[in-house]
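Please read the structure below before turning to the comments.
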Amino acid sequence: MTTTTTAAAAGTWQLGDLPVNRLGFGAMRLTGTAAFDQGTPRDRETSIRVLRRAVELGVNHIDTASFYFSWLRSANELINSALNPYADDLVVVTKVGPGRGPDGEWYTATPEQLRGQVEENLRQLGRDHLDVVNLRRQVSLTSVSEHFGALAELQQAGLIRHLGVSNVNATHLAEAQAIAPVVCVQNKYHLDGGANNEMLRLCGEQGIAFVPFYAIAGQRTEAGVAAAPGESEQVETVARAHGVSTAQVRLAWTLSQGPHVLAIPGTGDPAHLEDNVAAAALRLTPEDLALLATVTG
């Protein structure tokens, strides 16, 4: 499938002083056929081609992390290989907090370990600073102040340009903002009852980017592959009416939630990339939105 639609059709938003197209790209699925896949890795050249094609299609916001790796593939290394030297308008957003050792085992970083995670992202991406770093809160972390304060120190040292938070509520956001400006919130948010409308509203009122994850997969990702339900009848109906994929409908719905909402769909498949970017131009009608409002998880 070939399209002339570019990510710019979705409009733009500012991450601090960095303008980005609202339709971006998530790098997690570049490393394998599933998130953190320890089985068959994706073809390296295909992943590199997807990244370069994304930029050709106007994507200038890429979301990644050093813990996005499978046994043979690292998302950050793929981004470095495909896109370095980086275009001046390309914004690479990464996240820290969770970590994975070489064996793939997870750990939660202490505030003191965050500098090492930031430096790992810098090394893997081949950068001397990171555009935006999100503190990804683990559920065991009741307060983000100490961790976010450690990142603010690294920002003052020039290693980070802007800061964001992920997997947070309003209290966590306020804690972070008491320490340093927050340019984005990355939370679970999708059509199947995963909406976090309080954070959506707060971010809109304060001019903060709201960046959903699970926007396409929705409840299917949360349920797990084995138990994943099929697509909803409402989404199928809207997709047929517009002659588009259900993924495009879900992305268009996400972007319709406010001018401050950014989408970061991820894929390692060139055709899926083209389809996702085409969603930047899809405008849902009031009737479409009313029907989609009846979707439940």
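The values are calculated or read from the model by the stated rules, or taken from the named source; none is laboratory data. Just so it is clear, the model here is predicted, and its values are computed rather than measured. Note that we place each Cβ from the backbone using ideal geometry, even for glycine, and neighbour counts take in every protein chain shown.
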**Asked** Which residue pairs have Cβ atoms closer than 7 Å, lie 6 or more positions apart in sequence or on different chains, and pair a first residue in segment 284-297 that is free of Cβ contacts under 8 Å to residues at least 60 places away in the same chain and more than 10 Å from Trp253 (Cα to Cα) with a second residue that is buried (at least 18 other Cβ atoms within 10 Å of the Cβ) and among the hydrophobic types (A, V, I, L, M, F, W, C)?
**Response** Leu291/Val238
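Among the candidates Asn76, Asn80, single out the residue that is modelled with pLDDT of 95 or more, of a type outside the set (Gly, Ala, Ser), under 30 Å from Ser140 (Cβ atoms) and not in a loop (DSSP other than H, G, I, E, B).
Details: Asn80 fails: under 30 Å from Ser140 (Cβ atoms).
Being modelled with pLDDT of 95 or more, of a type outside the set (Gly, Ala, Ser), under 30 Å from Ser140 (Cβ atoms) and not in a loop (DSSP other than H, G, I, E, B) holds for just one of Asn76, Asn80, which is Asn76.
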**Residue count for segment 65-101, restricted to those that are buried (at least 24 other Cβ atoms within 10 Å of the Cβ) and within 27 Å of Thr4 (Cβ to Cβ)** = 3
**Asked** Pick from segment 266-283 the residues that are crowded, with 18+ Cβ neighbours inside 10 Å and in a loop (DSSP other than H, G, I, E, B): which of them is farthest from the chain's Cα centre (by Cα)?
**Response** Leu282
**Message:** For segment 111-169, which positions are outside any loop (DSSP other than H, G, I, E, B), surrounded by fewer than 22 Cβ atoms within 10 Å (Cβ to Cβ) and charged (D, E, K, R)?
**Reply:** Glu112, Arg115, Glu119, Glu120, Arg123, Glu146, Glu153, Arg161
**Request:** Would you point out the residue of segment 118-168, among those that are in contact with a strand residue (DSSP E or B) (Cβ under 8 Å, 6 or more places away or on another chain) and modelled with pLDDT under 95, that is nearest to Ile264 (Cα to Cα)?
**Result:** Gln138
**Message:** Condition check: touching a residue at least 60 places away in the same chain (Cβ under 8 Å) and either closer than 30 Å to Ala152 by Cβ or part of a loop (DSSP other than H, G, I, E, B) (or both). Does Val50 satisfy that?
**Reply:** no
**Qualifying positions in segment 247-265 - crowded, with 18+ Cβ neighbours inside 10 Å and more than 18 Å from Lys188 (Cβ to Cβ)** = Gln248, Val249, Ala252
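Of the residues Thr64, Thr31, Thr108, which single one is more than 18 Å from the chain's Cα centre (by Cα) and of a type in the set (Val, Ile, Thr)? So that I can check it myself, show each step before the final result.
Details: Thr64 fails: more than 18 Å from the chain's Cα centre (by Cα); Thr31 fails: more than 18 Å from the chain's Cα centre (by Cα).
Exactly one residue qualifies, and that residue is Thr108.
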**Asked** Given the conditions (1) among the charged types (D, E, K, R); (2) modelled with pLDDT under 95; (3) out of contact with any Leu (no Cβ under 7 Å at 6 or more places or on another chain), and given that Arg42 satisfies all but one, which numbered condition is not satisfied?
**Response** (3)
